[in-house]
1. Binned at 10 Å from 0, what are the whole-percent values of the Cα-Cα distance distribution for the chain, short to long?
2. Can you tell me what share of the DSSP beta bridges in the chain is antiparallel? A percent to the nearest 5 is fine.
3. With each run of n ≥ 4 DSSP H residues scored as -39500 (n - 2.57), what mean residue ellipticity at 222 nm is computed for the chain after dividing by its residue count and rounding to the nearest 500 deg cm²/dmol?
4. Compute the signed sum of charges (Lys and Arg +1, Asp and Glu -1) over the other residues within less than 9 Å, Cβ to Cβ, of Gln108.
5. If the label point is 7 Å along Cα→Cβ of Ala130, which residues in the range 1-40 have backbone nitrogen under 12 Å from it?
6. Connecting C-alpha atoms closer than 10 Å in a GNM of the chain, tell me which of Thr69, Thr25, Thr104 has the biggest fluctuation.
7. Could you give the nm distance between label points at Arg38 and Lys11, where each point is 7 Å from its Cα heading toward the beta carbon?
8. In whole Hz, what ³J(HN,Hα) sequence does the range 16-32 give by Karplus (6.51, -1.76, 1.60; θ = phi - 60°), x for Gly and Pro?
Amino acid sequence: MVGGARTYAIKGYRPLMFGVLAANTLMFGTVAVLLIGRNVGLALAVPIVYAVMVSVGLRAQRRTAVRLTVSEAGLDVAWIFGQYHRSWEEIRRIRLLHSRLDPTRIQQIEVVFANHCPLELFDRLSDFNALVVELRETQPQLVED
């Protein structure tokens, strides 16, 4: 732990998401090019559908942390296209979500903010159990089991 902060990360997630974006771009581009010869109106609809799909996907990705640093000041969150900071004062509650198959296992953490979309932390983060313990110890008033 450096300077009272600890970092948790999902390895390989960012390249995977860029690969998915590239594959979707190639697929939608191919469909649009193939439709140009048959129906121009339908071919023009393909980029619109693609844009909606990408915008919805990016909104969901912003809620998913690729790297999370927990410090005395709050949470530093990195997602696939950027990063942001949330102070402990902005956090309303931290919900520990258990697995349906094993109620003793915590599968996900939902961090609810006052004026922002919730943040979802998945058990794919490195040392996830240590993250759960750290949140329980540092912010017990916010944690809901």
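Coordinate-derived values only; no laboratory data. These figures come from a predicted structure and were not determined experimentally. Positions of Cβ are generated from backbone atoms using ideal geometry, with glycine treated the same way; all protein chains shown enter the neighbour counts.
1. Pair shares across the bins are 10, 34, 26, 15, 10, 4, 0.
2. Taking every DSSP beta bridge within the chain, about 90 percent pair in antiparallel fashion.
3. -13500 deg cm²/dmol
4. Cβ neighbours under 9 Å give a net charge of -2.
5. 1-2, 5-9
6. In the Gaussian network model the winner is Thr104.
7. It is 4.5 nm.
8. Listing the rounded values in order: 4, 5, 5, x, 5, 4, 5, 5, 5, 4, 4, 5, 5, x, 5, 4, 4 Hz.
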